[in-house]
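Here is the structure we will look at.
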Amino acid sequence: MTPILMGVSVINHLMAYRELLLEQKVSLTDPVTGQAIALKDLTLPQLYDVLTTPAHQATVRAALNGLPFAQLRFDQFMAKLVQPKEMGAFLERAETGLRWHLQRVYRARCDIVHSAGRMINIALLCANLEAYLKSVLTALLAAFGSIPTLGSPQEFFLRAERSYLNAASALKSGDAGPLKVFLVELRPPAA
């Protein structure tokens, strides 16, 4: 489950920045063709590539000038996105935090099952667990819809784990390509 949630985390970041750019009516132009880039129509790998282009980053920074917090968060994430090794380190730290959080959720489950008494932040833990479940189920259903040879949920989880490990390894050596492939596996483009 952790590899899927890590991939979904990157997808959520990319989608949030796409929505921010659309909401702020940021216009990006393809440097080769001179045509406006339709942000709404970009696949995840295309969006990844557009956001890592220095000229586009400068345009976005200028457009977000009146939104200092959004600009700060954009700059922080872009610093990771443009450097695959940094993205790998970011995912590693996030994975550690996610694993700790899943352990807290499991301990809460044990407390509930064994009647250990009053729980602190049970509503928040349940909300997080619900979000994790929705993310994993969405990715699972998307995979079954796009991979005709997928035989079982177990195969899906094994594929996701393998793809995530390949992506993490490639990021350490400076290659973001396998991460982009993994993102498409989790959220294939609509047909």
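Explain nothing, just the number: dipole magnitude of the chain about its Cα centre with +1 on each Lys and Arg Cβ and -1 on each Asp and Glu Cβ, in debye rounded to the nearest 20.
It works out to roughly 440 debye.
How long are the semi-axes of the equivalent ellipsoid of segment 2-186, defined as square roots of 5 times the Cα gyration tensor eigenvalues? Whole Å, largest first.
33, 21, 16
Give me the log10 of I(q) over I(0) for segment 1-58 at q = 0.13, 0.15 Å⁻¹, as the Debye formula computes it from C-alpha points; what are the numbers?
Values returned for q = 0.13, 0.15 Å⁻¹ are -0.36, -0.46.
Could you sort 137-144, 149-156 so that the peptide with the highest average Cβ count within 10 Å comes first and the rest follow in order?
Peptide ranking by packing, descending: 137-144, 149-156.
At 4 °C and a viscosity of 1.567 mPa s, what translational diffusion coefficient does Stokes-Einstein give for segment 26-66, taking Rh as the Kirkwood radius over Cα pairs? Give it in µm²/s as a whole number.
It comes out at roughly 122 µm²/s.
Going by alpha carbons, how many degrees (0 to 90, nearest 10) lie between the helix axis of 122-146 and the longest principal axis of the chain?
60 degrees
Tally Lys/Arg at +1 and Asp/Glu at -1 over every other residue whose Cβ is under 13 Å from the Cβ of Leu102; what's the total?
It works out to a net charge of +3.
Search the structure for amide H atoms under 5 Å from the amide H of Thr29, placed 1.01 Å from N in the peptide plane, and list their residues when 5 or more places away or on another chain.
Long-range HN contacts for Thr29: Ile37.
All of the numbers you see were taken from the coordinates with simple rules; none came from a lab. Keep in mind that what you see is a predicted model, and the values were worked out from it rather than measured. Glycine also receives a Cβ, built like all others from the backbone with ideal geometry; neighbour counts cover every protein chain displayed.
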